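A.B. asks: I'd like to ask you about the structure that follows.
The values are calculated or read from the model by the stated rules, or taken from the named source; none is laboratory data. In this text, all values refer to a predicted model and were calculated from it rather than measured experimentally. Glycine gets a Cβ as well: all are built from the backbone with ideal geometry, and neighbour counts include every protein chain shown. Just the protein is used for accessible areas: all its heavy atoms, side chains included, with ligands, DNA and RNA removed. Shrake-Rupley method; radii C 1.70, N 1.55, O 1.52, S 1.80 Å.
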Amino acid sequence: MSGPGPSIPPLRPELAVICDLIKPDSRILDLGCGDGALLLHLARSRSVRGYGLEIDAANVAACIGAGVNVIQADLDEGLADFADGSFDYVVMTQALQALVRPDLAVEEMLRVGREAIVTFPNFGHWRARLAILNGRMPITPALPAQWYNTENIHLCTVADFEDLCRRSGWEVLDRVLLDRAHRRGPAISLLPHLFCEIALYKLRKPVAGATAGLV
Amino acid sequence: MGAHEAGTSVGVVVPRRIGIETALTLDCGRTLPRHDLMVETYGELNADRSNAVLICHALSGDHHAAGYHSAGERKPGWWDSAIGPGKPIDTRRFHVVSLNNLGGCRGSTGPNTVDPATGQPHGPDFPIVTVRDWVRSQALLADALGIERWAAVIGGSLGGMQVMQWAIDLPQRVRHALVVAAAPKISAQNIAFNEIARQAILSDPEFHDGRYYAQNVVPSRGLKLARMLGHITYLSDVAMRARFGRLLRDGDGQFNFNFDVEFEVESYLRHQGQSFVERFDANTYLLMTKALDYFDPARDYGDDLAAAFRGAQARFLVVAFEADWRFSPERSREIVKALIAAGKEVSYALIDSDLGHDDFLLSLPDYHRVLHSYLGRVADEVGT
């Protein structure tokens, strides 16, 4: 809106990785956009335009105060307000596992956007595995809540998610596995499924019978 | 007077009558050679005239949106909760313009003002005006005030419809459009409520085909009924239950077995109806409900609301209230959907509320935080 505005705090590493995957001047829909940090950053650094969806009233006010377009809505209600292919990217960070039907949510993302970017906590991280071996639900930095009060109702591992991608026919364009510091650490390259705490996927749904170049 | 809290009230305000000397051709085909508008302003217009905000009123509103008309007055203007120093529509930063719309009954040219051609009140001969006519009239007012472009046009309910019409018809003159508790057009159910309200007035024996001024009477029973009906639709079931329940006015808890006021809710409705009769004109009420019924900006664009918005240049804030069933959140979502489809900048806030349609007049914290955040940025943008 106005000039340079107040300086913006650095992005969470996970969001910084997403920024790198987004082309300048594109249109983006950010599902569960929080205080609008990603959209604000993309608008300033890459002239990206778009909207955030957010359910929390305080976050909605924060977005509005930051000049970020935000639509107050429940992700579980779907994306009926958005036309097919109306965005270059539909992004959802750390919300997939809290949805009633994550598989349908990604389908919707790929209907509305040409590409979808999702992140989720990897339930196959060694800490989670260790906790399960000890007979307990994991409490880890990425999964800090108790089993009875967590919002996460559909946790999955990197392997589970990739299996869903195959079954659903989603093409994985990019995969970034982030370690505990939400960076691409050395242990990750060695044993990705064990050391990945946050997984990021960039997906596309190939149009049946379509040829490249179709926008 | 303790009610005029120093610091948050605009204090005592003086309305003024502004003559619009330009002829105005209305949607119905008739032309008004000139008309008067009653106007109040709050806050200073800045040097480059960029900080002006227009307030559009709803069905029964008028130019008196904030402050008091005298030091002894108890009740402030209808949107005093939102307009004033430090309030969401901050008069330290904005020059706020509020008017009584054409066809109103609070001093602007309307059915109850004298037609110079006849020396009699216009009465039923006053043309039926539309939301689009109001926007034309308001644009002439902006010209008269030397305001090229509004920093924001703001309105709730029927006022929100005027905001949308501004953004569609005069895109270059609106920076920000704040559409609160509105709808892209009203439903059959809403038209039905309006029709009953009209029939109540039209069938009152003291209506005299709208020429009741000459008879020195007013169709008070009809107008009262119309307002009582309206009030039911402005409140949610939950709010009415919480406020009145089935409480009886007499403390003895016994039924009276007659038709006097017995339940608290009856008392409330009768009081609301009666006080409305004392301040409102029946012919204006008829006009206002008709303007509501006719509003449908998509109609000129093949019933495609997104197409209607395509030329808009404003950024939009759309606000709806959970408990509002007269102008429900679903209707606001239709506006948002069309704006998104048209590629417009829009934010949408759904406010958790209990009261109903009247929530837009309250200072609910979530609601005012959203208005404050949005308008704070608008003020920064226009350099005030």
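A.B. asks: Does segment B:346-363 hold any residues that are within 14 Å of A:Ala58 (Cβ to Cβ) and in contact with a Ser or Thr (Cβ under 9 Å, 6 or more places away or on another chain), and which are they?
C.D. replies: So in segment B:346-363, the residues within 14 Å of A:Ala58 (Cβ to Cβ) come out as B:349-352.
B:Leu350 - this is the single residue of segment B:346-363 that is within 14 Å of A:Ala58 (Cβ to Cβ) and in contact with a Ser or Thr (Cβ under 9 Å, 6 or more places away or on another chain).
A.B. asks: OK, next. What number of residues in segment A:40-88 are of a type in the set (Ser, Thr, Tyr) and closer than 20 Å to B:Ala314 by Cα? Before the answer, list the steps.
C.D. replies: Keep residues of segment A:40-88 that are of a type in the set (Ser, Thr, Tyr), which gives A:45, A:47, A:51, A:86.
Of the ones still in play, those that are also closer than 20 Å to B:Ala314 by Cα are A:47, A:51.
Matching residues across segment A:40-88 total 2.
A.B. asks: Going by the structure shown, is B:His368 out of contact with any Lys or Arg (no Cβ under 6 Å at 6 or more places or on another chain) and either assigned to a loop (DSSP other than H, G, I, E, B) or within 9 Å of chain A (Cβ to nearest Cβ) (or both)?
C.D. replies: In short, no.
A.B. asks: While we're on this one: Looking at segment B:267-276, is at least one residue free of Cβ contacts under 8 Å to residues at least 24 places away in the same chain and open to solvent by 90 Å² or more (accessible area, probe 1.4 Å)? It would help to see each step written out before you state the result.
C.D. replies: First, pick out the residues of segment B:267-276 that are free of Cβ contacts under 8 Å to residues at least 24 places away in the same chain: B:267, B:271, B:275.
The next check asks that each one be open to solvent by 90 Å² or more (accessible area, probe 1.4 Å); those that pass are B:271.
Yes: segment B:267-276 contains one or more residues that are free of Cβ contacts under 8 Å to residues at least 24 places away in the same chain and open to solvent by 90 Å² or more (accessible area, probe 1.4 Å).
A.B. asks: Which ones in segment B:176-217 are in a loop (DSSP other than H, G, I, E, B), over 19 Å from the mean Cα position of the chain (by Cα) and surrounded by fewer than 21 Cβ atoms within 10 Å (Cβ to Cβ)? Full working, then the answer.
C.D. replies: Let us first name the residues in segment B:176-217 that are in a loop (DSSP other than H, G, I, E, B), namely B:181-187, B:203-207, B:211-217.
Remaining after also requiring over 19 Å from the mean Cα position of the chain (by Cα): B:203-207, B:211-217.
Matches in segment B:176-217: B:Ser203, B:Pro205, B:Glu206, B:Arg211, B:Tyr213, B:Ala214, B:Gln215, B:Asn216, B:Val217.
A.B. asks: In the list B:Phe276, B:Phe327, B:Phe321, which residue meets the criterion of being within 14 Å of chain A (Cβ to nearest Cβ) and either closer than 29 Å to B:Arg198 by Cβ or under 17 Å from the mean Cα position of the chain (by Cα) (or both)? Step through it out loud before you land on a result.
C.D. replies: Values: B:Phe276 fails: within 14 Å of chain A (Cβ to nearest Cβ); B:Phe327 fails: within 14 Å of chain A (Cβ to nearest Cβ).
Selected residue: B:Phe321, the only one of B:Phe276, B:Phe327, B:Phe321 that is within 14 Å of chain A (Cβ to nearest Cβ) and either closer than 29 Å to B:Arg198 by Cβ or under 17 Å from the mean Cα position of the chain (by Cα) (or both).
A.B. asks: Now for a separate question. Pull up segment B:311-361, narrow it to residues that are part of a strand (DSSP E or B) and in contact with a Pro (Cβ under 6 Å, 6 or more places away or on another chain), then point me to the one that is most open to solvent (accessible area, probe 1.4 Å). Steps first, please.
C.D. replies: Here is the first cut: in segment B:311-361, the ones part of a strand (DSSP E or B) are B:315-321, B:346-351.
Now restrict to residues that are in contact with a Pro (Cβ under 6 Å, 6 or more places away or on another chain): B:320, B:350.
Values: B:Ala320: 0, B:Leu350: 41 Å².
Looking at residues that are part of a strand (DSSP E or B) and in contact with a Pro (Cβ under 6 Å, 6 or more places away or on another chain), I get B:Leu350.
A.B. asks: Here is a further query. Could you tell me whether A:Ala62 is at the interface with chain B (Cβ under 9 Å from one of its Cβ atoms), in a loop (DSSP other than H, G, I, E, B) and open to solvent by 10 Å² or more (accessible area, probe 1.4 Å)? Steps first, answer last, please.
C.D. replies: On the way: at the interface with chain B (Cβ under 9 Å from one of its Cβ atoms): yes; in a loop (DSSP other than H, G, I, E, B): no; open to solvent by 10 Å² or more (accessible area, probe 1.4 Å): yes.
Considered against the rule, which asks whether it is at the interface with chain B (Cβ under 9 Å from one of its Cβ atoms), in a loop (DSSP other than H, G, I, E, B) and open to solvent by 10 Å² or more (accessible area, probe 1.4 Å), A:Ala62 comes out as no.
Residue by residue, here is whether (1) open to solvent by 20 Å² or more (accessible area, probe 1.4 Å); (2) under 29 Å from A:Asp88 (Cα atoms); (3) assigned to a loop (DSSP other than H, G, I, E, B); (4) aliphatic (A, V, I, L, M) holds:
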site	(1), (2), (3), (4)
A:Leu104	yes, yes, no, yes
A:Leu130	yes, no, no, yes
A:Pro141	yes, no, yes, no
A:Gln146	yes, no, yes, no
A:Arg175	yes, yes, no, no
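A.B. asks: Let me ask something else about it. It is to be established whether one or more residues within segment B:123-131 are open to solvent by less than 10 Å² (accessible area, probe 1.4 Å), touching a residue at least 24 places away in the same chain (Cβ under 8 Å) and touching a strand residue (DSSP E or B) at 6+ places or on another chain (Cβ under 6 Å).
C.D. replies: no
A.B. asks: Away from chain B (no Cβ under 13 Å), free of Cβ contacts under 8 Å to residues at least 40 places away in the same chain and open to solvent by less than 30 Å² (accessible area, probe 1.4 Å): which single residue out of A:Leu42, A:Leu38 fits that description? Walk me through it before giving the result.
C.D. replies: On the way: A:Leu38 fails: free of Cβ contacts under 8 Å to residues at least 40 places away in the same chain.
So the residue among A:Leu42, A:Leu38 that is away from chain B (no Cβ under 13 Å), free of Cβ contacts under 8 Å to residues at least 40 places away in the same chain and open to solvent by less than 30 Å² (accessible area, probe 1.4 Å) is A:Leu42.
A.B. asks: Does segment B:175-195 contain any residue that is at pLDDT 95 or above, in the same structural domain as B:Leu355 (by TED's automatic domain parsing) and over 18 Å from B:Phe295 (Cα atoms)?
C.D. replies: Yes; the residues of segment B:175-195 include at least one that is at pLDDT 95 or above, in the same structural domain as B:Leu355 (by TED's automatic domain parsing) and over 18 Å from B:Phe295 (Cα atoms).
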